[in-house]
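Below: the structure, in structure tokens.
What follows draws every value from the coordinates through simple rules; no lab data is involved. What you see is a predicted model, and the numbers here were worked out from it, not measured in a lab.
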Amino acid sequence: MDNDNTINFKDLWKKQTINQPDIQDLLTRVSKFKKAALRSLWISNILLGLTSAFIICIWIYYQPQFISTKIGIVLVILAMVIYLFVYNKLLSSYKNIDATQTNQEYLQKLIAIKKKQQFLQTKMMSFYFVMLTVGICLYMYEYASRMSVLGAGLTYGITLLWMLFNWFFIRPKQIKKQQDKINSLIEKFEEVNNQLEG
């Protein structure tokens with residue numbers, strides 16, 4: 001009987017020492033996830049901000065004549081501003097992840113971030129791409145109207161092909177990469193919570 005207790009105690013001790021590094025590793029992964037997400041957010045803000053400034057400079061410098069060009073510029077800038085406005089709402093969610101939280105709190109925060117990311121990756125990204133495409137096509141019309149039919153066709157064709165490539169190839173890969181990261185963290189926290197409850 002005494003011998004059985006010693007074996008059980010040793011088994012429990014082994015399990016505890018195995019689980020402890022997993023939690024530490026998990027917290028490290030959450031920290032990396034948070035840093036990468038914040039870095040991506042700031043890079044998006046800077047790039048889209050600079051792009052908007054560049055487009056405004058083009059508008060001021062070239063003084064487009066067609067109303068379609070001006071509407072196109074406004075649509076492109078508006079698409080970027082609205083997208084960034086929604087994307088920046090994730091900032092507080094990322095900042096609220098800290099080392100003092102319980103596993104359950106981490107799990108709830110990650111699930112909330114996942115839902116916001118899904119909204120951003122589906123509805124907002126669709127809205128962004130539609131507005132961007134319409135805006136670019138309207139913007140290009142003034143300049144394409146001065147080209148030959150072949151030149152205008154090539155210009156629109158190449159631009160639309162690039163946008164389709166982004167939409168159907170690059171965007172799904174980025175979404176899958178983001179979803180895999182957050183799903184992996186959520187699964188790990190669920191495992192830890194199940195171990196602690198069990």
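Report the extension gain between residue 175 and residue 162 in nm, rounded to one decimal, defined as 0.36 nm multiplied by the number of residues separating them, less their alpha carbon distance.
2.9 nm
By how many nm would the segment from residue 74 to residue 100 grow when fully extended, if each residue of separation counts as 0.36 nm and the alpha-carbon distance is taken off?
The span from residue 74 to residue 100 would gain 4.9 nm if fully extended.
What is the gain in length, in nm to one decimal, between residue 116 and residue 81 on full extension, counting 0.36 nm per residue of separation less the C-alpha to C-alpha distance?
Length difference between fully extended and current span is 10.8 nm.
Evaluate Rg over Rh across segment 136-198, taking Cα atoms for both radii and Kirkwood's formula for Rh.
A ratio of 1.49.
May I ask you to list the lysines whose Cα is less than 17 Å away from that of residue 95, ignoring any residue fewer than eight positions away on the same chain?
Cross-link targets: 32, 34, 35, 109, 114, 115, 116.
Using only the Cα atoms of segment 51-176, what semi-axes does the equivalent ellipsoid have when each is the square root of 5 times a gyration tensor eigenvalue? Give whole Å, largest first.
That gives 38, 17, 9 Å for the three semi-axes.
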